[in-house]
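Asks: Before I ask anything, let me first share the structure, which is written out below as structure tokens.
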Amino acid sequence: MKRILTGITPSGYPHLGNYIGAIKPSLDLLDEKCESFLFIADLHAVIKVSDPSRLAELSNAIAIAWLASGLDPNKTSFYRQSDVPEITELAWLLSCITEKGLLNRAHAYKAAVDQNNESGKKEIDEGISLGLFSYPLLMASDILTPNATHVPVGKDQQQHLEITRDIAEKFNNKYGKFFNVPEAVIQNEKTVLGTDGRKMSKSYNNIIPLLSTEKELKKSVMKIVTNSQEPGEKKEWKNNTLFSIYSSFASDEKQEEMKNFFKDGIGWGDAKQKVFEELNLMLSPIREKFIEHSNNKKHIEEILKSGAEKVRAQTVPILKEVKKLVGINAL
Ligand code: TRP
């Protein structure tokens with residue numbers, strides 16, 4: 001049976017890009033017959049979020065975003081990474097068989113080193129935490145602890161999956177076949193653009209929030225950059241940020257309709273209004289559930305705790321086996 005696993009790092013407030021790129025595809029996949037593990041990667045977030053109260057708030061926001069988007073905790077194991085100690089325990093064991101060079105090649109670490117080089121730092125590793133360096137190792141452990149087979153991720157995570165596969169194979173070669181060598185399920189190759197036309201990302205300050213009031217949503221849609229073309233002028237939908245954002249969530253029919261409006265010279269203000277209305281239609285039910293969940297934090301805590309129990313029913317015996325294989329046994 002397929003064992004699908006994916007996590008989201010609570011390093012920013014959830015936005016439309018997260019919903020389309022990660023939250024929705026993770027839920028769409030679960031319609032199939034499979035076992036599934038969905039988790040909040042709060043231990044990963046400690047690397048990036050230094051303010052403790054913000055970390056707590058973001059973890060909570062991701063949990064609510066997932067639930068409001070339709071995650072059914074009865075049909076999946078839904079948990080917080082930090083509630084499953086087997087993950088960090090396995091991470092250590094995996095680190096003992098993982099060559100440092102494998103992690104030297106990871107994109108995020110290389111980017112940090114490049115930045116140090118460019119700014120003329122004497123020590124190339126200056127300011128780079130061991131946490132950042134071993135990020136892909138912890139991710140491998142997330143995946144291998146419940147022995148997942150399929151991992152839906154965005155394209156930017158493909159390298160991490162390759163590292164995970166390497167580590168799983170290394171372990172299997174050394175101790176006998178134990179771990180599944182997991183496959184990346186790359187979905188939604190299309191990048192969701194932000195209001196300024198670059199990839200939607202909290203670090204660019206160009207997001208469309210997922211969990212906002214209608215007014216805030218409208219404000220962020222109105223911020224989408226356009227050009228100085230007047231109403232009545234024919235507009236090009238190709239390479240247009242507003243159209244690109246629309247196409248990431250609107251149906252094919254709606255997109256065709258919008259192309260025609262562009263051809264007929266719709267004004268940018270009217271076009272934005274249409275984008276807002278369609279987006280609002282999609283997000284209203286999520287907003288309603290979000291408000292409901294926000295008022296009941298105790299309930300969310302219960303859901304996450306029982307999710308952790310559910311996944312630990314699997315990870316505790318797996319760790320026991322792994323330790324036996326490695327030679328850590330009771331006398
Ligand atoms: N690194 C992923 C991201 O930033 C989140 C993540 C952590 C993850 N552990 C994982 C995804 C395990 C899939 C499987 O998007």
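Asks: Can you order the peptides 315-328, 225-238, 138-151 by their average number of other Cβ atoms within 10 Å per residue, highest first? Before the final figure, lay out each step's value.
Replies: Working: 315-328: 14.9, 225-238: 12.0, 138-151: 24.1.
Ranked from most to least packed, the peptides come out as 138-151, 315-328, 225-238.
Asks: What distance in nm separates the two pseudo spin-label positions at Lys215 and Lys33, each 7 Å out from Cα along the beta-carbon direction?
Replies: Label-label distance for Lys215 and Lys33, simple model: 5.1 nm.
Asks: Another question, if that's okay. Provide the packing ranking of 191-201, 39-49, i.e. peptides ordered by the mean count of other C-beta atoms within 10 Å per residue, highest first. Walk me through the numbers on the way to the answer.
Replies: Values: 191-201: 18.8, 39-49: 21.3.
The packing order, highest mean first, is 39-49, 191-201.
Asks: Using each residue's phi in the stretch 98-115, evaluate 6.51 cos²θ - 1.76 cosθ + 1.60 at θ = phi - 60° and report the 3J(HN,Hα) Karplus result to the nearest Hz, with x for Gly and Pro.
Replies: The phi angles translate into 9, 6, 4, x, 4, 7, 4, 8, 5, 3, 5, 5, 4, 5, 5, 5, 4, 5 Hz.
Asks: Another one. Compare the peptides 68-81, 120-133 by average per-residue count of other Cβ atoms within 10 angstrom and give them in order, highest first.
Replies: Details: 68-81: 19.1, 120-133: 11.9.
Output ranking for 68-81, 120-133: 68-81, 120-133.
Asks: What fraction of the DSSP beta bridges in the chain is antiparallel, stated in percent and rounded to the nearest 5? Walk me through the numbers on the way to the answer.
Replies: Details: 2 of 17 bridges.
Antiparallel: roughly 10 percent of the beta bridges in the chain.
Asks: What do you get for the angle between helix 268-294 and the principal long axis of the chain? Use alpha-carbon atoms, 0 to 90 degrees, nearest ten.
Replies: The two axes meet at around 40 degrees.
Asks: Calculate the spin-label point distance for Leu130 paired with Ala330, positioning each point 7 Å from the Cα along the beta-carbon direction, and give it in nanometres.
Replies: 3.0 nm
Asks: Keeping every protein chain present and rolling a 1.4 Å probe, give me the accessible area per residue for the chain in Å². Provide the component values of the computation, followed by the final result.
Replies: Values: 16910 Å² over 331 residues.
That works out to 51 Å² for each residue.
Asks: Then there's this: If you average 1/r across every pair of different Cα atoms in the stretch 109-207 and take the reciprocal, what Kirkwood value do you get, in Å? Display every interim value, and only then the final one.
Replies: Details: mean 1/r = 0.0629 Å⁻¹.
It works out to 15.9 Å.
Asks: Can you show me the helix-derived [θ] at 222 nm for the chain, built from DSSP H runs with n ≥ 4 at -39,500 (n - 2.57) apiece and divided by the number of residues, rounded to the nearest 500.
Replies: Details: 14 runs with 170 residues, N = 331.
Value at 222 nm, helices only: -16000 deg cm²/dmol.
Asks: I've got another one for you. So what are the three principal axis dimensions of the chain from its Cα atoms, in whole Å, longest to shortest?
Replies: Computed over the Cα atoms, the extents are 81, 51, 36 Å.
Asks: Okay, next question. In debye, nearest 20: dipole of the chain around its Cα centre with unit charges on the Cβ of K, R (+) and D, E (-)?
Replies: Working: 44 positive and 44 negative charges, 86 e Å.
With only Lys, Arg, Asp and Glu charged at Cβ, the dipole is about 420 debye.
Asks: What part of the accessible area of the stretch 129-272, given as a whole %, is carbon or sulfur when the probe is 1.4 angstrom? Kindly include the intermediate steps, with their values, before the conclusion.
Replies: Working: 3400 of 7220 Å².
Carbon-and-sulfur percentage of accessible area, whole number: 47.
The values are calculated or read from the model by the stated rules, or taken from the named source; none is laboratory data. What you are looking at is a predicted structure, and each value in this text was computed from that prediction instead of being measured. FYI the Cβ positions are ideal-geometry reconstructions off the backbone, even for glycines, and counts take in every protein chain you see. Heads up: the accessible areas ignore ligands, DNA and RNA and are worked out on the full protein's heavy atoms, side chains in. Shrake-Rupley method; radii C 1.70, N 1.55, O 1.52, S 1.80 Å.
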